[in-house]
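As structure tokens, the structure follows; a few thoughts come after it.
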Amino acid sequence: MAGGAKKKRVARSSKSKKKGGVQDAVSELTDDVLADILSRLPIKSLCHCKLVCRRWRNLISHPEHRKKLPQTLAGFFYGSYDRNGFPEWARHFINVSGAGHPLIEPSLSFLPVYERIDMVDSCNGLLLCRGWKSTHPVTMDYVVCNPATEKWVVVPESGFSSKVKYYEVRIARLGFDPAISPHFHVFEFIPDDVWYMDDEKMNGNSFDGRIEVVAVYSSKAGIWSFNEDHFKWGDQFAMRTDSKSVFLNGVLHLTSYYGMILAFDVKGNGLRCIPVPTPDYDDYGDIPDCGVYLSQGHLYFAAGNIYKEPHDSESELSVWVLKDYNSENWSLKHNVNPLHMFGEHYYSQFEDNFSVISIHPEHGTVFMVCGTDKRLVSYEMGHMRLRSVSQFLCHSSTSYIPYVPLFSGSLAEEH
């Protein structure tokens, strides 16, 4: 018995030394070597590594090493307006951590000078902006830039963009996937009243904002193309100007009125209409907050501030996932009412005043803007855990643009 116990103690001691030896070897690695090892991990594993120890967390968060590591959601761009301020219109960035200085300089001071620059969309590290020129009549450029590297490209307007003033917002979206191609695409959705402007068809016609043409700019070809083959979709081909979008596998997806997600390839061809999961709603255009998102490689659809019954006064948050992209079968991922989500502390403030702005690309965390004070809140669906992250400026716009940094790669003809 005594001999057996001694052998077990020796075995345990041997294992402890071996384990300690591995830990000692890792601790002796320089930060550069350790950063190089971590850079080879997928983003989900890298996030887990932040929990190993303080050194690893600080190394992963350090600006110099961050450039070598895979990236995930860093924060949100947004704009604010204050007629008593200078400038009246300003750009801002808020970190998802809620702490520290903005990861990205939101002034975008490296861009060429325009009378005003509006942020429109982002996709996989690139940001799409409108640059309004101080000419008469007022004209504009699209500018695609990489805020992390401060590189930019001017995209000439399509010929229809400048037919509207900057306060008449039109729909434009960005498509870019560095895993597929180094080139990007700008999608512009031209409504009927703009397409037929200065045309004889304007006379006697009534226009309802239906999208008439999809214009697509290819950075590879350097030209705009125009696709009018969408009449088969009828009234479904109308969208809010703040319609959320996802670029997945070279296809742009965005929400439309009447409960549809529309999919377009990079030539502007309409590929399919995916019905959204609409439980007992006659007109999805009346729902104040709904959108399509990308998380863990799947399309997600989230709707907030909606009601279970037509006359039910209790709003809720519902999230669905399309696990099989080739099907139209959505699975309910999460459903919760505000009292359970916000708790008694925040319930009175946020009950009927919350809006989904994003879902984390790597895990099931929903980001929302809540309350009249524009508070950024995150909600982990798996743990049903709420966290107040930070606060947007009270005069902020309704456009909150999620941003994932891209430290590698370049833009064609960049500056």
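Annotations
- Global geometry of region 112-161, whether rounded, prolate or oblate, following the gyration tensor of its Cα atoms and the 1.5 cut on a/c: prolate
- Overall shape: oblate for region 335-389, with the ratio a/c of the largest to smallest alpha carbon gyration tensor axis at 1.5 or above and b/c at least equal to a/b.
- Amide H partners (placed H, <5 Å) of Val389, local residues excluded: Leu376, Val377, Ser378
- Cβ-based net charge around Leu294, under 12 Å, with every Lys or Arg adding one and every Asp or Glu removing one: -1
- Under-5 Å amide H pairs with Glu316, H placed in peptide plane, nonlocal only: Asn305, Ile306
- Whole-Hz couplings from phi, Karplus 6.51/-1.76/1.60, listed for region 373-388; x for Gly and Pro: 8, 6, 8, 7, 10, 10, 10, 7, 5, x, 9, 6, 10, 9, 9, 7
- Taking other residues whose beta carbon is less than 15 angstrom from the beta carbon of Ile117, and scoring Lys, Arg as +1 and Asp, Glu as -1, yields -4.
Just so you know, all these numbers are worked out from the coordinates, no wet-lab data involved. Note that the coordinates shown come from a computational prediction; the quantities given were computed from them, not determined experimentally. Cβ sites come from the backbone with ideal geometry, for glycine too, and all protein chains shown count toward neighbours.
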